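Only one structure is covered here, and it is reproduced in the block below.
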Amino acid sequence: MTSGLYVNYGCGASVRDGWLNFDASPTARLEALPFIPRRIFPPGVLFGDIVAGLPLPPSSCAGVYASHVLEHLSLSEARQALRQTLRLRRFRVVVPDLRAAAQAYLADPSAEAAPTFLQATLLGEERRLSGLGAFVREWLGHTRHRWMWDESSLTAELCAAGFSKVRRCAFNDSADPRFQEVEEVGRFEGALAMEAGR
C-alpha cells in the first residue's frame, strides 16, 4: 500500500477512511460547529476550500482526488484550484465530459435533445426560484455548473497550472491503488477523468 497523505476534496457525503475529506460547502462549515447536528455531511468531513487553499503544507500529499468538483467553479476559480492542487502533488480528477454531452445532443434529432442536454449538463434552469428560500439554497449548495470541460481544454489547463504526465484515465486504472478506495464507477458515466503529476 502506498504511504503518505491522501486528500479527497469536494467529497460531499463520500467519506473514505484513511483520507482527509474536505468540502467547501457552507453547509459543511455550518455542520462543523460543535452545537450543530450533522444532517448532510457525515463525521470526518472537514471544511476546506481548494480555491483559497487547503490547510496543508506544499508537497505534503501523495495523492489528491476530486470527483465532480471543478465544474461547480468559475473558470478563474478552477484555475486557482488547479494551482493550489499542484502544491500538494499527484492529482486525479473526474468531471462531466462536455464533448460527450454535446455529441449526444447533436446526434439526437428529437425535440427533447436540447432539454436533455441542458438537464444533463446542469447548464439550464426550468424555472428561476426567487425569495429567501432560493437564496439560502444557492448559498448552502454548489449545485450549478459554472464551467464545463472536455479532454483538450482540461489537459491544457492542467499543463498551464504546472502539471505534467497528464493523461486521460478510466475507472480504477491508476498505478496508485489508493485511488481505488475513493472511485465510484457511477461517477465515471458520461464523465472525463484525468490523472496528472508534477
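The table below gives the values:
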item	result
Cβ-Cβ under 7 Å pairs, at least 6 apart or on other chains, segment 89-116 side under 30 Å from Ser60 (Cα atoms), far side aromatic (Phe, Trp, Tyr) and assigned to a helix (DSSP H, G or I)	Arg92/Phe179; Val94/Phe188
Candidate set from segment 7-62 (those that are touching a Pro at 6+ places or on another chain (Cβ under 8 Å) and not hydrophobic (A, V, I, L, M, F, W, C)); member that is nearest to Glu181 (Cα to Cα)	Gly48
In segment 23-59, the residues that are among the small types (Gly, Ala, Ser) and surrounded by 14 or more Cβ atoms within 10 Å (Cβ to Cβ)	Ala24, Ser25, Ala28, Ala32, Gly48, Gly53
Test: residue in segment 103-117 that is under 30 Å from Ala81 (Cβ atoms), at pLDDT 90 or above and of a type in the set (Ser, Thr, Tyr)	yes
Residue in segment 60-99 that is surrounded by the most Cβ atoms within 10 Å (Cβ to Cβ), counting only those that are touching a strand residue (DSSP E or B) at 6+ places or on another chain (Cβ under 7 Å) and of a type in the set (Gly, Ala, Ser)	Gly63
Odd one out for Arg168 among (1) modelled with pLDDT of 95 or more; (2) over 22 Å from Cys11 (Cα atoms)	(2)
Check on Leu123, surrounded by 13 or more Cβ atoms within 10 Å (Cβ to Cβ), hydrophobic (A, V, I, L, M, F, W, C) and modelled with pLDDT under 95	yes
Any hit, segment 5-17, residues being of a type in the set (Phe, Trp, Tyr) and crowded, with 19+ Cβ neighbours inside 10 Å	yes
Subset tally (residues that are among the small types (Gly, Ala, Ser) and either touching a helix residue (DSSP H, G or I) at 6+ places or on another chain (Cβ under 6 Å) or farther than 19 Å from Thr143 by Cβ (or both)) for segment 9-34	2
Which listed residue, of Val64, Val7, Val51, is touching a Cys at 6+ places or on another chain (Cβ under 6 Å), under 23 Å from Leu192 (Cβ atoms) and not small (Gly, Ala, Ser)	Val7
Which listed residue, of Ala81, Ala52, is of a type in the set (Gly, Ala, Ser), outside any loop (DSSP other than H, G, I, E, B) and modelled with pLDDT of 90 or more	Ala81
Top-ranked residue of segment 18-49 - restricted to ones that are over 15 Å from the mean Cα position of the chain (by Cα), in contact (Cβ under 8 Å) with a residue 60 or more places away in the chain and in a loop (DSSP other than H, G, I, E, B), ranked as farthest from His72 (Cα to Cα)	Gly18
Meets criteria (within 25 Å of Val15 (Cβ to Cβ), in a helix (DSSP H, G or I), touching a strand residue (DSSP E or B) at 6+ places or on another chain (Cβ under 8 Å) and at pLDDT 95 or above) for Phe179	yes
Those residues of segment 151-198 which are more than 19 Å from Val7 (Cβ to Cβ), of a type in the set (A, V, I, L, M) and without any contact (Cβ under 8 Å) to a residue 24 or more places away in the chain, in sequence order	Ala156, Ala170, Val185
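The values are calculated or read from the model by the stated rules, or taken from the named source; none is laboratory data. Model, not experiment: these values are computed from the prediction. Cβ sites come from the backbone with ideal geometry, for glycine too, and all protein chains shown count toward neighbours.
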